[in-house]
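See below for the structure under consideration.
What follows draws every value from the coordinates through simple rules; no lab data is involved. These numbers come from a predicted model, not from an experiment. Positions of Cβ are generated from backbone atoms using ideal geometry, with glycine treated the same way; all protein chains shown enter the neighbour counts.
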Amino acid sequence: MSKTSRIRDNNMYSTVANFLKDKIQDGASLSFVSAYFTINAFNALRDSLTGIDNLRFLFGEPDVIGGMDPSKTESKAFRLTEEGLGLRNELSQNETAKACADWIEKKVKIKSVRKTNFLHGKMYYIEKDGSEDAIIGSSNFTVRGLGLSEKTSNIELNLEVDSKSDCADLKTWFDNLWESDQVVDVTDEVLRNLANAYQDKDPEFIYYKTLYHLFEDFLKDTTDAEFAQANPKFQETEIWQKLFAFQKHGVQACIQKLKTYNGCIIADSVGLGKTYEALAIIKYFELRNANVLVLCPKKLEQNWTLYSLNYNRKHNPFKKDNFRYDVRAHTDLTDRGASDYEWDAFDLVVIDESHNFRNRSTNKYDEDDNLIRKSRYNKLLEDIIQSGCKTQILMLSATPVNNRLTDLENQIRLITEDRDDIFQQIGIPSIRGTLNTAQGRFEKWTDETEGLSNPSNRQESLSESLNADFFTLLDRLTIARSRTHIENFYGDTIDQIGGFPDRGKPQSIFPEIDLQENFPTYPTISTQIDGYKLARFIPSNYIRPECLHHYVEGLLRQREFNLIGMMKVNFLKRLESSVHSLATTLGRTIKEIVELESEIEAFLSGETEKGAGFDPLAEAEEEYNDGEDQELQAGIEAGKNQFYPFEHLDLDAWLRDLRNDKTQLEKIHKNANTITADRDAKLEELKQLILEKVQNPTTNKNGKENRKILIFTAFADTANYLYKYLHEWATDTLNIECAVVTGSANRTTFGRNDFNEILTNFSPISKERVTTDTEEDTPEIDLLIATDCISEGQNLQDCDYLINYDIHWNPVRIIQRFGRIDRIGSRNTKVRLVNFWPTPELDEYINLKPRVEARMALVNLTATGDDDLLSLENRDDSLEQVWTHRDEQLRSMQTDILDFDDIEEQLNLNQFTLDDFRAQLLKYLREDEAKLRDASLGLYAVTAPLTYDGVPVNIKPGVIFCLRQAGETEDNSEGEKLNPIHPYYLLHISDEGEVSIGFTNPKRILERLSQLCVGKTSYDQDLCHWFNEETHNGNDMTIYEMLIDAATDSIRQEYNRKVNDQLDASPDALLPSVDSQITEKTEFELVTWLVIRH
């Protein structure tokens, strides 16, 4: 190559920067044309440029006057940083920007062409004392374009102009264009953008600038303005206009997840209106001619049919929206009578209470392994989702995780059509692998943190313990907001509707059973029940020896033993509810025993044809199909039918045990029947509570007296019994209307016996009752007795007083019940809870032998097809831990009202999603989107470790850096396996160089960042002055260079540790590809940084 070549290519030949350094002299006049101008290029040439006389700079592309980098030209902001630049240059950006602005104000005029794609040439013209030099070609005024980067300069093609006439022609061309109306002066705009970089920033702006980049992909089609523009007809619907802001944002995010991932789980806490959110999503799809199916528990059918015109319901508040969706109960999936229904014709399936599908139960087979019917799960998966048209899945559940993180797997696999590897592109090679790893780490965390007394510390360590791909999975597929979320991030909504009511301290009642004190105690009855064989349900005990070869004896006996354990506990639950319910259940059981005796006797006497026999599971399924005891029903449904021909059994022995059971049960039944309503001590306690409430009503925010009482019980027997003996007393003595709803039968002293009409008359404000009379003149129901048919999905917040007439064994159900009145939008200032307990000796109650044994029974009965009764040890241990926590929560319920956040084994999905911060950003964007979009990278703020109102934040002095991995490959899945917000990395490093919050816990560090920044809308003058002195106005960034070096080193180390953990955890794990690994050569961009100083 020629050393005298006039080519400047930044590669084999010399650089454009060297040409400029050689030719620019003090007092020179410059004329430049370039698409870009960066302060870092100015900084590199500062020594040459500061002595010039003047510069006329012409932007060749108007859309990048403020462009943040050459790869993003949509925004219009002066470009201040440059992709691939070293971090240290970015740290001193403010000083450079200020120096550049001073220089421009004194010596530079800047213009831009008006039209985009109009001027493509680049030119650098220099004139001094009649001497002219110029170079033309492809190089922009950037570090890479001029050849100033040691590693990443662009290869360009430029040619030095050595002809005086050519230089003169270039000067004339430039002068003519400069003075034409094809260009416009933008000097002031450039200076404003530069000022935006070097003026001190307020912490709140830095926080939202950080969020803006983290959630850039999320913002597509999600901002309020864009969504409204794209969906004008949808925005006019009554259901959309009915939603609060947080619900609208939930709907928008859910629609985006449905489009992107084919499904979404809305896991908002109890009382936040998941039903209305789902209705809005349904309407969105119906407007696009989609066929929609709602699958819900049988008890919630009437709640959903209310809104669809297909069912012509009287009190539909959204008739104008013309909903046309179908409603089917979960049980319809296994109903033989529904075989003609076109299950495969739906574009969207909404699954209410989707946690009911957390277990993938097996199909039903007969003794010859012929398919009787598919399980609910398999029917849903195979006949609805996998068959027919493409189906998107929306799930609703406040508790999608019950006992184990793996509860999510079967729900998510409905979204993925049973594909385990469908999310490889987002860094999740196996859904099962991700959830199993998370479960293992959760159990390890539980063991290691059992002794920690500070709940917040426990939760923070949990977030760091779990694998990043688990975080990614939940963040992509779920929307989970808590009551705290709404209070923290939607203050305007809270102000608009009056917020949540306060919670009074719960009242605990320990009633006797018999006013005459002649009935046995609860523990005594428990002991008697434990002694029963319940031989009717364990025929495997009576198989004749010569017939054993027909059966898998050990497995059958274990299953039947477990079933009996659950049934014994059902007797206890009935007694906890009411002595009447126990008597009714015992009566039914005795009747069934008598009928079986008759069948056996008929067979022994030859009156029955050969082939007669008994199937215990089929009998149990028919007898306990009311859904009131969900644990027992789950066990029954998970079992396998087994028919026993009578000729295979020792019928004489079986009859003896059946008769003995009947005799023992008849004794308790006789005793129970003696406890009539006038002897029922528990009923009398209830009447006193009702009387006190009615005579001493509270006053709501509207100034109206509130006498409303909601009584929950687990069993319809008890509910109907209470109504029978309360409704006349309530109407005649207390002058209030009364009603009962059980799902199957409803009665009331006012209005029709219609389910929704009763609920509307009980809570007319929340149910928006339409009446021609004034509110004061229209009668209302003040006393409502209900089973758990309304413990979910109902808005009954007109009421402020709830009584649990029995305590459900799962605290989640108690929370759900209370959620009917403890809801956003309540007109009551306070809500109260009363709990009836079976005995004041709670520890004695918790440790009752039948109750403890029922736990193992439930495990065995609900074991999936993949489980083996001999391989359940680990599962037993983890579930025993769950029950231990539940027992502790039952103890807590005597003094406190629990929320889902209080249930340690109940993992709340809002712990693992970033919805809180997206909500903050969406709200901020309404006013300041352009400001965020146009601001440069690398901006910082200085703040004290305090919230805006002076509350200390638990964080050490240091820096929170937000970095972006530069030059990452198009496939981000490798990085997302290890970092949920890849390619961004957030971490806090203390002044001592210690990383206290690493990139693996983005939620925790964003929480700290929010606490430190939100509300601080002006900069701290004293701290900024101190920082400027410390850094000599940005000229000495030594301290922060050391910290950012330590930060990037920690990212590499933690990344490698995560890789090793992944390799150790699974034999199928692979080493990340070379391109995606973080090594010493990996470069980062500085997005934002927050300096924390006392």
Apply the Karplus parameterisation 6.51 cos²θ - 1.76 cosθ + 1.60, with θ equal to phi minus 60°, to every residue of the stretch 140-153 and state each ³J(HN,Hα) to the nearest whole Hz, in sequence, with x for glycine and proline.
-> 7, 7, 9, 4, 5, x, 8, x, 8, 8, 5, 10, 10, 5
Under the Karplus relation 6.51 cos²θ - 1.76 cosθ + 1.60, θ = phi - 60°, what is the ordered set of whole-Hz ³J(HN,Hα) values for the stretch 277-288, x standing for Gly and Pro?
-> 4, 5, 4, 5, 5, 4, 5, 4, 6, 5, 5, 9
Placing each pseudo-label 7 Å from Cα in the direction of the beta carbon, ASN289 and SER180 end up separated by a distance in nanometres of 5.1 nm
For the stretch 559-575, what does the Karplus curve 6.51 cos²θ - 1.76 cosθ + 1.60, with θ = phi - 60°, yield as ³J(HN,Hα) per residue in whole Hz, taken in order and with x for Gly and Pro?
-> 4, 5, 4, 5, 4, 5, x, 5, 6, 4, 5, 4, 4, 5, 4, 5, 5
Which value results for Rg/Rh of the stretch 224-497 when Rg is the Cα radius of gyration and Rh the Kirkwood radius based on the inverse mean 1/r?
-> 0.98
Assuming a ≥ b ≥ c are the square roots of the Cα gyration tensor eigenvalues, decide whether the stretch 262-361 counts as rounded (a/c under 1.5), prolate (otherwise, with a/b larger than b/c) or oblate.
-> rounded
At THR895 and ASP615, where each label point lies 7 Å from the Cα along Cα→Cβ, what is the point-to-point distance in nanometres?
-> 5.2 nm
From the cross-link list LYS568/LYS667; LYS274/LYS767; LYS259/LYS1003, which pairs have alpha carbons spaced over 18 Å apart?
-> LYS259/LYS1003
Give the calculated FRET efficiency between THR663 and GLU992 to the nearest 0.05, with a Förster radius of 60 Å applied to their Cβ-Cβ distance.
-> 0.15
Counted charge near LEU333, where neighbours are those whose Cβ lies closer than 10 Å (Asp, Glu -1; Lys, Arg +1) | +2
Taking K and R as +1 and D and E as -1, what net charge do the other residues with C-beta under 12 Å from the C-beta of SER397 add up to?
-> -3
Mean separation of Cα pairs under 8 Å and 6+ residues apart, divided by the residue count of the stretch 224-497: what relative contact order is that in percent?
-> 22 percent
Between VAL953 and ILE155, what is the spin-label point distance in nm, taking each point 7 Å from the Cα along the Cα→C-beta axis?
-> 4.7 nm
Between ASP26 and GLU622, what length in nm is gained on full extension when 0.36 nm per residue of separation is reduced by their alpha carbon distance?
-> 204.7 nm
Other-chain or far-sequence residues with amide H under 5 Å of MET395's (modelled H) = CYS264, ILE265, ILE266, ILE351
How high is the FRET efficiency from ALA345 to LYS259, r the C-beta distance, R0 22 Å, rounded to 0.05?
-> 0.60
Net length gained if the chain between ASN673 and GLN235 were fully extended (0.36 nm per residue, minus Cα distance) = 151.7 nm
Check the straight Cα-Cα distances from LYS171 and name the lysines below 17 Å, setting aside those fewer than 8 residues away within the same chain.
-> LYS23, LYS109, LYS111, LYS122, LYS128
Could you please rank LYS533, LYS708, LYS171, placing first whichever residue has the fewest other Cβ atoms within 10 Å of its Cβ?
-> LYS533, LYS171, LYS708
Report the extension gain between GLU216 and LYS724 in nm, rounded to one decimal, defined as 0.36 nm multiplied by the number of residues separating them, less their alpha carbon distance.
-> 176.9 nm
